[in-house]
1. Ordered by packing density, taken as the mean number of other Cβ atoms within 10 Å over each peptide's residues, highest first, how do A:271-283, A:210-222 rank?
2. Please arrange B:212, B:222 by counting, for each residue, the other beta carbons lying within 10 Å of its beta carbon, fewest first.
3. Mind jotting down the distance between the C-alpha centroids of segment B:140-215 and segment A:232-306, whole Å?
4. Listing A:209, A:100, A:194 from the residue with the fewest other Cβ atoms within 10 Å to the one with the most, what is the order?
5. Would you mind giving the three semi-axes, in whole Å and largest first, of the ellipsoid equivalent to chain A according to its Cα gyration tensor?
6. Let a ≥ b ≥ c be the square roots of the eigenvalues of the Cα gyration tensor of segment B:96-171; is it rounded (a/c under 1.5), or, if not, prolate (a/b larger than b/c) or oblate?
7. Hey, any idea what Rg/Rh is for chain B, computing Rh the Kirkwood way over Cα pairs?
8. What average number of partner chain Cβ atoms lie no more than 10 Å from the Cβ of the residues making up B:152-162?
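Values quoted throughout were computed directly from the atomic coordinates according to the rules given, and no laboratory measurement underlies them. These figures come from a predicted structure and were not determined experimentally. Glycine gets a Cβ as well: all are built from the backbone with ideal geometry, and neighbour counts include every protein chain shown.
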């Protein structure tokens, strides 16, 4: 039945099928076929034998990953960083969006909005250069200021505890503009008459923001949080790699699943264990998205992602 | 709103003071690294070694730029690679995205939902870095190939959803009318749909181009040959390797220890970032439009 339908449909819409074919093939080859490589997580990989010729070794790779403690450490780091970054960057974006919308001076509004979005356009490599030129021991901006006032320079690269703060700051620095654009769009969607009516009724500006602006951006905020929660086990590799680099002293404090995987992929011939880490990440991520989405759907259909 | 200027209550005054201060502070924070970068690149090496980087050049010098432009081959080549990758990738990406968005928007196309799901699923689940890397290298032979820079970023579901929004604003009656006039599907797409998608193409094209221009990750994973490096990855390599700096020194005919490496690193970053910062104000509105549309769940 279905086959007949497809054949008929294909004849009828040959051109449409042809138009979608390139993207279909690209996604099939570049995204779906590599998924077969996930079997590596259960194999003792040998390059000469390839992915499918290598021997199976059950769950030995997973056992090794978690027995060594690395699995737990990178999972914990990934989740904590994502939570920290989620809260700080969304909060800051909401505040900035509300403030920008209240600004009456058009030039000030335009210039600040442009400047705040600028970091989104900069590659993480350049952000890495920023971090280095601000925090490095010999010539960094901060240490330059400290020594010029007679203080002792701080060795940031030997102080793991400060890096969550630095990473969080640069994450917000890069994304606040982008996220605030989204919230500004939501605020602009408010009917102007509601605000006018509130003003006539004697509501002050704080009351207006609290009971009109904030409720109106709630759906957007929830969507943004859901999207981020769905990625809670995915570290932003480009950010971590450029900000921290291959700095062994900082691994305990800054290693996330993605940086661990990359480093192992490059340096460690034992790809099975690394594959186990990504397998675990992909599967768990998928499970989290499905669970969160169905819970949200259950509570309020409108907020579900799909 | 001039009406508000008449009389501001105390609470409003307090609010506006906080509001303007916070926004201005945020803008300054966003700018500081750029100022540091430019200032550092124009500071003499001597000064940086003694005092560190600073927000104003303590001792003005164009030494770093002189060295870069003395032997610009390396940068010109990296620029060339980046431009090539960006142009090819953006062009093909636009073609694929617009065709696909058009097809899945066609209500009379029976399998549109099946295809939509096929694409959307990749945002929920993927093979992860290891299987992808091994697959690309062993089975697709992408090691050290420019294709490794172009193909992975060519098609993106997020852009597809944005483009679909643009496509769905075109009335279906237009397609019907063209069909009655005897136009084939390809003709309808290229002569009627594409011209109406101009702002959508501009928006997605800019997103694609920015992605390609700023990409260093694929270059790091897949490229071995230094002459193939795109701009951002070359910049990264220079930040990392004193070796790369040494080769610049020898090309410029000076000794390594005389090389102004601290300012040179920043000058390189300026040269690599300059075009984006200069172009950005002119294309900002397209990005804002794209981000706004993308945030409205498709």
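1. Numbers: A:271-283: 24.4, A:210-222: 15.7.
Result, highest mean Cβ count within 10 Å first: A:271-283, A:210-222.
2. Working: B:212 25, B:222 20.
Arranged by neighbour count, lowest to highest, B:212, B:222 become B:222, B:212.
3. 30 Å
4. Values: A:209 18, A:100 23, A:194 14.
Going from sparsest to densest Cβ surroundings: A:194, A:209, A:100.
5. Details: eigenvalues 311, 236, 68 Å².
For chain A, the ellipsoid semi-axes come out as 39, 34, 18 Å.
6. On the way: a/c = 2.91, a/b = 2.13, b/c = 1.37.
It is prolate, given that a/c is not under 1.5 and a/b is the larger ratio.
7. Values: Rg = 24.9 Å, Rh = 23.1 Å.
Dividing the radius of gyration by the Kirkwood radius yields 1.08.
8. Numbers: counts 3, 1, 5, 7, 0, 2, 0, 0, 2, 0, 0.
Per-residue shielding by partner chains comes out at 2.
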